[in-house]
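Heads up, the thing below is written out as structure tokens.
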Amino acid sequence: MPIPLDDHAVSVALPKWQHVVGYEEGDVDVTEKMLLGYPRFVYHPFVKQLVDLWKAGAVESGAVAGHEIVEALPFPSMGSAERCRRFLLEAHKHEPGFPVGIHSLGVMDTHVVSFPAMAAKDAKAYWQHSGEILSSRKAARVLACLGHPVPTLLDGLPTSPRPAASCAPGARMASAAVPDCYRQGLRERIGALTGQHMADVHLTITGMAAIFMAFNMCRQARPGRPVVVFGFTYLDTLKICLRKEWNAHGVHFLGKGDARDLRVLEELLEKKEVMAVFTEFPSNPLLQNPDLSRLVALGRRYGFPVVVDDTISNFHNVDLMRLGGAGGGVDMCVSSLTKLFSGKSDVMAGSLVLNRASPLYGELRTAMETMEGGNDAELYEEDARVVWENARDFEERSRRINETTARLVEWLGNQAGVAEVFYPSRTQRAIYDAFKRAEGGYGGLFSVSLSPSLSPTAFYDTLDVYKGPSLGTNFTLACPYTLLAHYYELDFARRHGVCPNLVRVSVGLESFEHLQKVFEVALDSARRPIPTGVAREKYFPPGLTGG
């Protein structure tokens, strides 16, 4: 089921360990039961309906012969469609005449990219890594404008009915159907939280789209140089930098993000220039805190920007623009507003904030303004409205979650069979504290690994919270992160300290007492002996244990 029960939910329930494995392996007993999924990984039904509508029309009009096998994806702007087209041509550059087309739907700047079925995997990679997706709300509105209103997906489920999307008169060729007040309000709000002018706050369709835009800005400002990824970041940040279609100049992946990697970086900088350093504060899923002050100092000395994803720490808890860093803090912050800023798990959004105190501000601002397309795939206004309304009590929710999580982490760390609890206050705390606001805390995300004698599957299966992808929700949400993010590269994750049996927990607004009881029950289940006659692999999956 979607989490929450909403047509635009961005998480999906995977309540058992075996469901996560089934999802990763494409088991139809799992995948065909999923109404929705995380929108960058699973095409939303409204998006798929729009593709089917275009394909049917293309065959009818003769644009595509009925016997041809053509796939397609819709994009929220001509610019994003063109970037996808170029990506696919580059991915298949050794195949002369590779057919990739762009087709306007004539509604709200929405375009469809068509491609042969053999390129579907690469098209999905663009959708996932770049984050330049067509949101479910915009897809519903485009369908309505084309004369195909969509009803709720949740008929028969315990949720409030939602009217079908409608199309305002004259909206067929319009870029937006309502005033821009919500986007402006979000820019003002985020500018106030980060201490920056609203003109330096840029809203994007997803958090990954903000990282992708930052990458393209840095590539525009400092072309022809390799990029550095510092620390074990979220997988798609590294994937953006690794894709040769976007980056022909290499990546230096310093996956530990520790003092030794800082020394390696300094030695590298003595030999060559770099495009930028991308990092997270703290990192996902190990909640490690890179030494931003030293990274920024190196950036000032060698003239490269430091780009930080602050999604996990969030605007309320840390100030990365003004505190703790030489020359006014980091150069650029990127954030997923999908997470705690929104909290309800019913909308995708992101932001990129430039730091006016940075000596590289003018260079980066010019790169933004001269970069082809700029921010042409900005956050859809209806999504902006939902984010705005969800975020009204952001600081209060953040404060409550900080307090609950700190207590839960301290308690868990003292429980028998818990090998490690990863949390910013326990990993390089002094570095985090240099950037922590007086009213802030250490956030709502932690990861836990169990000792080899405890069953990770029994722990996860028994854990009575919502279970699925995403984080920063108003309700507690858990997942076996390494399996979801690195199922086919477990050895790679293990080499960087990310154990396969890791369970990542995003704490919500439930009370500490309630969550303590929930985790007590799960730990008790994990400690029980394997029942007689039951295969050990059911409780200790091969290759996934061992701390």
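Quick one: which residue in SER453, SER425 is under 21 Å from ASN317 (Cβ atoms) and either within 23 Å of the chain's Cα centre (by Cα) or open to solvent by 10 Å² or more (accessible area, probe 1.4 Å) (or both)?
SER425
Would you confirm, using the coordinates I've provided, whether LEU450 is touching a residue at least 24 places away in the same chain (Cβ under 8 Å), of a type in the set (A, V, I, L, M, F, W, C) and closer than 23 Å to ALA349 by Cβ?
Answer is no for this residue.
Quick one: ALA377 ticks every box in (1) modelled with pLDDT of 95 or more; (2) closer than 30 Å to SER135 by Cβ; (3) of a type in the set (A, V, I, L, M) except a single one, so which number is it?
Only one criterion is unmet by ALA377, namely (1).
Show the residue pairs meeting these rules: Cβ distance below 7 Å; 6+ apart or different chains; first residue within the range 302-317 and under 12 Å from THR194 (Cβ atoms); second residue open to solvent by 10 Å² or more (accessible area, probe 1.4 Å) and aliphatic (A, V, I, L, M).
From residues that are under 12 Å from THR194 (Cβ atoms), the pairs are ASN314/LEU340; PHE315/LEU193.
Being polar (S, T, N, Q) and crowded, with 20+ Cβ neighbours inside 10 Å is the filter here, so list the residues in the range 354-374 that pass it.
Looking only at the range 354-374, we keep the residues that are polar (S, T, N, Q), and these are 355, 358, 366, 370.
Passing the criteria: ASN355, SER358.
Among the numbered criteria (1) open to solvent by 10 Å² or more (accessible area, probe 1.4 Å); (2) at pLDDT below 95; (3) farther than 20 Å from LYS16 by Cβ, which one does TYR487 miss?
(3)
Spot the failing condition for ALA144; the list is (1) under 14 Å from GLU71 (Cβ atoms); (2) in contact with a Cys (Cβ under 6 Å, 6 or more places away or on another chain), and only one is missed.
All conditions pass for ALA144, except number (1).
Out of all the residues in the range 271-291, is one or more free of Cβ contacts under 8 Å to residues at least 12 places away in the same chain and not aliphatic (A, V, I, L, M)?
There is at least one residue in the range 271-291 that is free of Cβ contacts under 8 Å to residues at least 12 places away in the same chain and not aliphatic (A, V, I, L, M).
Suppose the filter is open to solvent by 20 Å² or more (accessible area, probe 1.4 Å), of a type in the set (Ser, Thr, Tyr) and under 17 Å from VAL498 (Cβ atoms); does TYR302 pass it?
Considered against the rule, which asks whether it is open to solvent by 20 Å² or more (accessible area, probe 1.4 Å), of a type in the set (Ser, Thr, Tyr) and under 17 Å from VAL498 (Cβ atoms), TYR302 comes out as no.
Kindly indicate whether HIS111 is modelled with pLDDT of 95 or more, open to solvent by less than 60 Å² (accessible area, probe 1.4 Å) and in contact with a strand residue (DSSP E or B) (Cβ under 9 Å, 6 or more places away or on another chain).
Numbers: modelled with pLDDT of 95 or more: yes; open to solvent by less than 60 Å² (accessible area, probe 1.4 Å): yes; in contact with a strand residue (DSSP E or B) (Cβ under 9 Å, 6 or more places away or on another chain): yes.
Yes.
Has the range 30-45 got any residue that is modelled with pLDDT under 95, among the polar types (S, T, N, Q) and part of a helix (DSSP H, G or I)?
yes
Regarding the range 64-72, can at least one residue be identified that is in a loop (DSSP other than H, G, I, E, B), in contact with a Leu (Cβ under 9 Å, 6 or more places away or on another chain), modelled with pLDDT under 95 and more than 23 Å from GLY147 (Cβ to Cβ)? So that I can check it myself, show each step before the final result.
Keep residues of the range 64-72 that are in a loop (DSSP other than H, G, I, E, B), which gives 64-69.
Among the residues that remain, those that are also in contact with a Leu (Cβ under 9 Å, 6 or more places away or on another chain) are: none.
No: zero hits.
In the range 525-540, which residues are within 13 Å of SER451 (Cα to Cα) and either touching a Phe, Trp or Tyr at 6+ places or on another chain (Cβ under 8 Å) or modelled with pLDDT of 85 or more (or both)? Spell out how you get there, then give the answer.
Keep residues of the range 525-540 that are within 13 Å of SER451 (Cα to Cα), which gives 526-527, 540.
Correct list: ALA526, ARG527.
Across the range 77-105, what is the number of residues that are touching a residue at least 40 places away in the same chain (Cβ under 8 Å) and of a type in the set (S, T, N, Q)?
2
Filter the range 110-160 down to the residues that are free of Cβ contacts under 8 Å to residues at least 60 places away in the same chain, part of a helix (DSSP H, G or I) and either within 20 Å of ALA58 (Cα to Cα) or not assigned by the TED database to the domain that holds ALA58 (or both) and list them by number.
ALA117, MET118, ALA119, ALA120, ALA123, ALA144, CYS145
Taking the options VAL498, VAL465, name whichever one is open to solvent by less than 30 Å² (accessible area, probe 1.4 Å), of a type in the set (Val, Ile, Thr) and either modelled with pLDDT of 95 or more or farther than 19 Å from ALA419 by Cβ (or both). Talk me through it step by step, then tell me what you get.
Numbers: VAL498 fails: either modelled with pLDDT of 95 or more or farther than 19 Å from ALA419 by Cβ (or both).
Every option except VAL465 fails the conditions.
Please find, among ARG399, ARG385, the residue that is open to solvent by 10 Å² or more (accessible area, probe 1.4 Å), in the same structural domain as THR204 (by the TED database) and under 30 Å from LEU5 (Cα atoms). Steps first, please.
Numbers: ARG399 fails: in the same structural domain as THR204 (by the TED database).
That would be ARG385, the only listed residue that is open to solvent by 10 Å² or more (accessible area, probe 1.4 Å), in the same structural domain as THR204 (by the TED database) and under 30 Å from LEU5 (Cα atoms).
Yes or no: LYS121 open to solvent by less than 60 Å² (accessible area, probe 1.4 Å), modelled with pLDDT of 95 or more and not hydrophobic (A, V, I, L, M, F, W, C)? Walk me through how you get there before you give the answer.
Numbers: open to solvent by less than 60 Å² (accessible area, probe 1.4 Å): no; modelled with pLDDT of 95 or more: yes; not hydrophobic (A, V, I, L, M, F, W, C): yes.
Criteria not met by LYS121.
Name every residue in the range 402-422 that is surrounded by fewer than 21 Cβ atoms within 10 Å (Cβ to Cβ) and of a type in the set (A, V, I, L, M), in order of residue number.
Correct list: ALA406, LEU412, ALA416, VAL418, ALA419.
Could you check the range 433-511 for helices (runs of 4 or more DSSP H) lying wholly inside it with 2 or more residues that are touching a Phe, Trp or Tyr at 6+ places or on another chain (Cβ under 6 Å) and not assigned by the TED database to the domain that holds LEU337?
456-462
The values are calculated or read from the model by the stated rules, or taken from the named source; none is laboratory data. Keep in mind it's a predicted model, so treat the numbers as computed, not measured. Positions of Cβ are backbone-derived with ideal geometry, glycine not excepted, and every protein chain shown enters the neighbour counts. Note: areas computed on protein heavy atoms with side chains; ligands, DNA, RNA excluded. Shrake-Rupley method; radii C 1.70, N 1.55, O 1.52, S 1.80 Å.
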